[in-house]
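The values are calculated or read from the model by the stated rules, or taken from the named source; none is laboratory data. Bear in mind that the values here come from a model prediction, so they are computed numbers and not experimental data. Every residue, glycine among them, receives a Cβ derived from its backbone with ideal geometry; neighbour counts consider all protein chains shown. These accessible areas exclude ligands, DNA and RNA; they are computed on the full protein's heavy atoms, side chains included. Shrake-Rupley method; radii C 1.70, N 1.55, O 1.52, S 1.80 Å.
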Amino acid sequence: MSTTAPAPAAVSTASAQPFLVRRAAVLGAGTMGSRIAAHVANAGIPVLLLDMIPAGGGARNRLAVGALEALAKSKPAAFYESSAAALITPGNFDDDLPKLAQCDWIIEAVAENLAIKTALLASVTPHLAPRALLTTNTSGLPIAQIAAGLSDAVRKRFFGTHFFNPPRYMRLLEVIPTAESDPAAVAAFAAFADRILGKQVVYAQDTPNFIANRIGVAASFTAGTLMLDQGLTVEELDALTGQIIGWPRTGTLRLADMVGIDILAHVAANFPEGVPPGRFAEVLKEVVSRGWLGDKAGQGFYKKTRGADGKDLRQVLDLATFEYRPLAKASLPALEMAKNAATVGERLRLLLAGDPKKDKAAAFLWPFLSALWNYAADRIGDAADDAVSIDRAARAGFNWELGPFEMWDAAGVRETVTRMKALGLPVSAKVEALLDSAPGSATVSWYSPDGPQCYNPTTSAWEPIPKQPGHARVADFRAGGAGLRGIIRSNSGASLVDIGDGIGCIELHSLKNAIGGDVVALISAVVRPDSDAVRDFAGFVITGDRDNFSVGANLMQLLLAAQEGEWDELGGAIHAFQQMTAAIKFCPRPVVVAPFGMTFGGGAEIALHGVRRQPHAETYIGLVEAGVGLIPGGGGTKEMLLRAIDSASALAPPDPRDPPSRFAQSAEMGAALRRTFETIAMAKVSTSAAEARGLGLLLPADRITLNRERLLLDAREQAAALAQAGYIAPQPRMIPAPGLSALATLETGVYLMGEAGYASEHDQKVARWTAYILSGGRVTPGTMVSEQYLLDLEREAFLSLCGERKTLERIAHTLKTGKPLRN
C-alpha cells in the first residue's frame with residue numbers, strides 16, 4: 001500500500017479555522033480545471049486560470065479564454081450567476097506564473113500524466129508565496145509520487161484535493177494528505193472547503209482512485225458483468241441500479257454516458273487490483289473504440305435522434321448486436337411492487353425477499369449487493385480508515401441516498417450474511433469480524449443504534465463518529481436531550497422542534513413537500529402573536545431535511561375542491577394561506593426561512609414573508625403558479641409589489657412634498673413593476689440562490705449558505721442574532737398603487753405577447769390578472785392601498801381562475817405528468 005495519510009483524527013477540522021484564500025489559481029483549463037475555477041468564483045474568490053500557449057500561433061491565452069467561453073454556455077450551468085465569470089482571469093504558463101505569488105491556493109488540474117504534472121509543478125514552485133497551499137486534482141495517480149520532486153518546504157503544504165465533476169453540483173471533495181503534509185494546513189484547508197466551497201470533505205488514503213471512484217466504478221463493473229451474464233437489457237440494469245435502491249435515476253449506464261464512457265474506462269484502468277475480468281470490460285473497450293463515448297459524442301449506451309415528426313426519439317444500445325433499438329421501459333414486477341415502499345430500507349428488504357430462481361430483480365441484486373458490500377468492507381484500512389468515510393464519499397460523490405454500510409444495515413447485516421452463505425456468495429472477513437463482536441445478538445449493524453458510533457474491523461472496536469461543528473439536520477434535534485425539548489407539536493405535514501439557542505424550527509415534511517391544510521394549520525398556530533411558542537422561543541426557522549423545501553401548494557386538494565364547486569371551502573383555504581403568510585411576516589419573533597432545492601409557488605411565498613432568508617446556494621425558487629393557470633394567491637404577488645416599490649424608492653427616493661401619484665408613475669417605478677410582472681407572469685425560476693436576488697425573490701441582506709449541512713445552524717444563528725438585537729416586527733404598510741396608467745402599460749405588453757405568439761389566450765388571461773393586482777386594481781395612480789386590500793385582489797383573481805376550465809386542465813396535466821401544459 002502507498003504511504004498512508006495522517007489519520008482523520010489528526011487532521012480534524014473540529015477546531016480549525018478556515019484557511020484564508022484571497023485569491024486562487026487553477027493550473028489547467030480543461031473541463032475539470034475550468035469548472036473548479038468556476039466554483040471558486042461562485043464562492044466570491046478571484047481566480048487565475050492558466051493553460052499552455054497553443055501551438056500554431058494566435059492569442060497566447062486562447063485555451064483559457066476558450067474555456068471561459070465554454071463555461072458561459074455549459075449545461076448544467078457552472079456559475080451561480082453569469083457575473084461570477086468576471087472573477088476569473090485567463091492566462092498562460094509561460095507569461096503568468098509570477099502572478100502565482102499573489103495566490104493563497106494553487107490547484108493543479110492538468111492531464112492525468114505523472115510526467116506532465118511533475119514538470120509543471122517544478123516550474124510553479126519558485127513562484128509560490130511562503131504560506132500558499134499547493135494541491136493536485138487527480139483521480140488516479142499516487143499523491144506521494146507527484147510530491148516526490150518537490151522541496152521539503154513545499155511538500156508540507158502539498159496534498160491531494162480530488163473534486164468531482166461538475167464541482168458546483170457534486171458535493172464530495174476527497175482530501176488526500178501525504179505522510180509529509182502539515183496536518184494543521186490540511187485541517188485549515190478542509191475547513192475552508194467545508195465552509196466556503198460548501199463541500200463534504202472526506203479524508204482518503206493515498207491509494208489509486210481513492211474512495212468514491214473505487215467503490216462506484218467497482219459497482220459499475222459488477223453490474224455490467226451481471227447484466228451480460230444474466231441477459232438483462234440496458235434499461236433493466238439502469239432500473240435495478242437506480243432510484244429503487246436509493247441511487248440516482250440514471251442508473252449505471254446512463255450515468256456512464258453522462259460522465260463519459262472513456263472516463264469510466266480510464267478510472268477502471270487505475271485500479272490497483274485491475275477491473276473485474278469479464279465481458280463488460282470487453283464491451284467498454286468496443287464502445288470506446290467506436291467513439292461512442294456518451295453524451296459528449298452524441299451516443300453511448302443511449303442515443304437521442306430526431307423522428308420524422310420532429311420529436312426526439314430515445315434509442316438504446318442492444319449489446320447482443322451492437323445496434324440501436326427504440327428505448328423500452330424495463331418490465332420488472334418486483335420493482336413495481338417495491339417502489340411504493342416509503343424508504344430505501346423497506347424497498348431493499350422487499351426486493352431481497354424474492355426468490356433468485358424465479359425473480360429477475362432478486363437474481364441480480366443478491367450477487368450485486370453482496371459484491372458491493374464485500375468490496376466496501378475490504379476497503380476499510382485500505383482506501384479509507386473507516387466505514388463512515390466510505391459511506392460519506394459514496395453519498396456525496398455519487399448522490400446515493402445511503403452509503404454501502406448504511407444500505408447493509410438497512411437490509412439487515414446478519415440476515416443478509418446468512419442468505420449470502422446459503423446462495424454460495426462470498427462473505428468478507430471484515431463483516432465476519434462485526435458478527436463475531438456480537439455473537440448472541442439477533443440484530444447486528446455497522447452503526448450502533450445506541451449512539452453515534454461505528455464498528456471498525458481494523459481496530460475491532462466501536463469508534464465514535466466525529467461530529468463536524470456547524471453541521472446539523474432537523475432530525476438531530478427531534479429526539480431532544482441535552483436540555484432540548486425535541487418535538488413540541490407535530491402533524492402529518494410539519495413539526496415544531498426545539499433546535500437550541502432559544503430557536504424553534506418549523507420543519508416541513510409533508511408528502512412530496514406539498515403545502516396543504518396541515519402545514520398551514522401548524523405554522524399559523526406556532527407564529528400567531530398569542531401562541532405558547534411565541535412566548536417560549538426567541539425566534540423561529542422554517543426549513544426541512546428533505547431534498548426540496550417545497551414544491552408548492554397541494555394541487556390535488558385544490559383541483560378536487562374546484563371540480564366539486566366547493567367555492568366557499570376553496571376561498572377559506574386561500575384566506576387561511578394568506579393569514580399564515582401574514583402571521584409569518586408580522587410574528588413578534590423573527591422568522592428566518594431557510595429554503596433549498598425546489599422552492600416553488602406556496603413554498604416561495606412562505607420564503608418571501610420571512611424577515612430574512614438563509615437559502616442554500618442550490619435553491620431553485622420561483623412563483624410558478626402561472627404554469628398551472630393561477631396567480632400567486634398566498635401573498636406572493638403582494639410581497640413582490642412591495643419589493644418593486646422598495647427597489648424603485650432606493651433608486652429615486654420620493655420627495656415627501658410630492659403627491660403619491662408622482663412616485664407611482666415614475667420611470668423607476670415603471671421599470672421595477674415591469675421586472676416584477678415578468679417574474680410572476682412568466683413563472684421564472686432561479687437557477688441558484690444568487691440568481692434569485694436578480695429576480696427580486698431574495699434580497700441583498702439574505703445570506704447564502706454553500707454547504708447544505710450548515711444551512712440549519714446558519715439560519716438558527718441569524719434568527720438568534722436578530723432576536724438578541726432587539727427584534728421588532730414590521731407593521732402592515734400603506735402604499736401608493738401604480739394604478740390605471742401602469743395597468744394599461746402592462747396589458748399592452750400582454751396583448752403584444754399574444755399577437756407575437758408568445759402567450760396563449762389563457763396565458764394572457766392569467767397575465768392580465770397579475771397586472772391587475774400589481775397595479776392595485778383600476779384605481780387612480782397614487783391611491784393609497786393596504787396590504788389587506790392587495791390580498792383581497794389576490795383572492796379574487798385566484799378564485800376566478802380556479803373556475804376556468806383551462807386552469808383545471810393545466811392542474812390535472814401537471815399532477816399527472818409533472819410538466820406544465822400550454823393550452
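Suppose we take every Cα in the range 82-128 and form the convex hull; what volume per residue is that in Å³?
It comes to 96 Å³ per residue, whole-number rounded.
Under a plain spin-label model, where a point goes 7 Å from the Cα along Cα-to-Cβ, how far apart in nm are S800 and S331?
5.1 nm
Going by the alpha-carbon gyration tensor, a ≥ b ≥ c the square roots of its eigenvalues, is the range 165-208 rounded (a/c under 1.5) or, if a/c is not under 1.5, prolate (a/b greater than b/c) versus oblate?
oblate
Relative contact order for the range 114-238: what is it in percent, counting Cα pairs under 8 Å that are at least 6 residues apart?
Rounded, it is 21 percent for the range 114-238.
For the chain, what is the calculated [θ] at 222 nm in deg cm²/dmol (nearest 500), taking -39500 (n - 2.57) for each run of four or more DSSP H residues and dividing by its residue count?
-13000 deg cm²/dmol
Any lysines with Cα under 25 Å of the K358 Cα? List them, leaving off those in the same chain fewer than 8 positions away.
Result set, ordered by chain and number: K329, K339, K421.
Can you pull the accessible area of W462 for me, 1.4 Å probe, Å² to the nearest 10?
Taking all protein chains as shown, W462 has close to 100 Å².
Let me see the pair-distance distribution of the range 375-464: every alpha carbon pair, 5 Å bin width, integer percents in order.
Pairs per bin, as whole percents: 3, 14, 25, 29, 19, 9, 2, 0.
Kirkwood Rh, Cα Rg: Rg to Rh for the range 535-652?
Radius of gyration relative to Kirkwood radius: 1.00.
Express in Å², to the nearest 10, the accessible area of V110 obtained by rolling a 1.4 Å probe over the protein heavy atoms while all chains stay in place.
30 Å²
How many Å² of accessible area per residue for the chain, probe 1.4 Å?
41 Å²
Report the gain in length on full extension from A153 to Q579: 0.36 nm times residue separation, minus Cα-Cα distance, nm rounded to one decimal.
Extending this stretch completely gives an extra 147.0 nm.
Could you work out how far apart the two model spin labels at L699 and A667 are, taking each label as a point 7 Å from the Cα in the direction of the beta carbon, and quote it in nm?
Label at L699, label at A667, 2.7 nm between them.
Accessible area of the chain with a 1.4 Å probe: how many percent of it is carbon plus sulfur?
Solvent-exposed carbon and sulfur of the chain make up 55 percent of the total.
Can you tell me the Rg and the Dmax, both Å, for the Cα atoms in the range 60-175?
15.0, 42
In Å³ and rounded to a whole number, note down the convex hull volume per residue for the Cα atoms of the chain.
Looking at the chain, the number lands at 194 Å³ per residue.
Report the label-to-label distance for D450 and A521 in nanometres (one decimal), using points 7 Å from each Cα along the Cα→Cβ vector.
Spacing of the two 7 Å Cα→Cβ label points: 4.0 nm.
With a 1.4 Å probe and all protein chains kept in place, how do K199, K304, K512, K358 rank by accessible area, largest first?
I get K358, K512, K304, K199, largest accessible area first.
Among the lysines, which have Cα under 18 Å from the Cα of K819 when same-chain residues fewer than 8 positions away are ignored?
Filter leaves K311, K512, K684, K806.
Tell me the relative contact order for the range 700-823 as a rounded percent, counting alpha carbon contacts under 8 Å between residues six or more apart.
About 26 percent, as a whole number.
Please tell me the relative contact order of the range 587-720 in percent, rounded to the nearest whole number, where contacts are Cα pairs under 8 Å and at least six residues apart.
Result for the range 587-720 is 34 percent.
When the chain is fully extended, how far beyond the present Cα-Cα distance does A461 get from A320, taking 0.36 nm per residue of separation?
Contour length minus the Cα-Cα distance gives 45.9 nm.
Ignoring ligands and nucleic acids, what accessible area does T222 show with a 1.4 Å probe (Å², nearest 10)?
30 Å²
Rounding to the nearest 20 debye, state how big the charge dipole of the chain is about its Cα centre with +1 on each Lys and Arg Cβ and -1 on each Asp and Glu Cβ.
Using only the charged Cβ atoms, the result is roughly 860 debye.
On a C-alpha basis, how far is the centre of the range 637-702 from the centre of the range 364-432 in Å? Whole number, if you could?
The distance from the Cα centre of the range 637-702 to that of the range 364-432 comes to 53 Å.
Could you pull out which residues in the range 39-57 have an amide N less than 18 Å from a spot 7 Å beyond the Cα of S74, following the Cα-Cβ vector?
Correct set: 39-52.
Just the projected area, averaged over all directions, of the convex hull on the alpha carbon atoms of the range 305-390: how many nm²?
It is 9.6 nm².
On full extension of the chain, what length is gained from A86 through H266, given 0.36 nm per residue of separation minus the C-alpha to C-alpha distance?
Additional length available on full extension: 61.4 nm.
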